[in-house]
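For reference, the structure discussed in these notes is given below.
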Amino acid sequence: MQNIKLVFPEKKMKDDALEFKQEFFDAGEYTIYGSYKFDMNRYTYDEWLDILKSNLTTETANPKFGVSETYFAVNEEDIIVGIINFRHT
């Protein structure tokens, strides 16, 4: 069994993240639950990161959704195998 760690998305993960996203699309899935809009093609990866960072505090979070944290689930080989969004409110 592999260990999984939760990692806050970073710029350096862009290529791996886009590959992870494409795997969903290639499988006919267009909703990536827990991804906080990562599956929406209206944001660049950098714009999506900015949204995630703004969601970390009550002062900058979207009031419609509240404070949240989004993490990639990464295996021991540093491959993104999942994503999750924790909403605090």
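The values are calculated or read from the model by the stated rules, or taken from the named source; none is laboratory data. What you see is a predicted model, and the numbers here were worked out from it, not measured in a lab. When the accessible area is computed, the model is the full protein with side chains, heavy atoms only, and any ligands, DNA or RNA have been set aside. Shrake-Rupley method; radii C 1.70, N 1.55, O 1.52, S 1.80 Å.
Counting only protein heavy atoms and a probe of 1.4 Å, the accessible surface of the chain is 51% carbon and sulfur. Per-residue extension of 0.36 nm, minus the Cα-Cα distance of Thr44 and Ile84, leaves a gain of 12.5 nm for this segment.
Grab the DSSP H runs of the chain that are 4 residues or longer, score each as -39,500 (n - 2.57), total them, divide by all residues and round the 222 nm result to the nearest 500 deg cm²/dmol. Walk me through the numbers before you get to the answer.
Values: 2 runs with 23 residues, N = 89.
The helix contribution divided over the chain gives -8000 deg cm²/dmol.
Go ahead and set up a Gaussian network model of the chain, Cα springs under 10 Å, then flag whichever of Tyr33, Tyr71, Tyr45 fluctuates most. Checking each option, the largest mean-square fluctuation is seen for Tyr33. Helix 45-54 and the longest principal axis of the Cα set of the chain meet at an angle near 40°. Of all the options Ala27, Ala61, Ala73, the one that moves most in a Gaussian network model of the chain with Cα springs shorter than 10 angstrom is Ala27.
Between helix 14-26 and the chain there is an angle of about 70 degrees, using the helix long axis and the longest principal axis of the Cα atoms. Ranking Leu6, Leu49 by solvent-accessible area of protein heavy atoms (1.4 Å probe, all protein chains present), from largest to smallest, gives Leu6, Leu49. Taking every protein chain into account, the accessible area of the chain amounts to 66 square angstrom per residue (probe 1.4 Å).
Each Cα pair under 8 Å and six or more residues apart adds its sequence gap; the mean of these over the residue count of the chain is a relative contact order of 35 percent.
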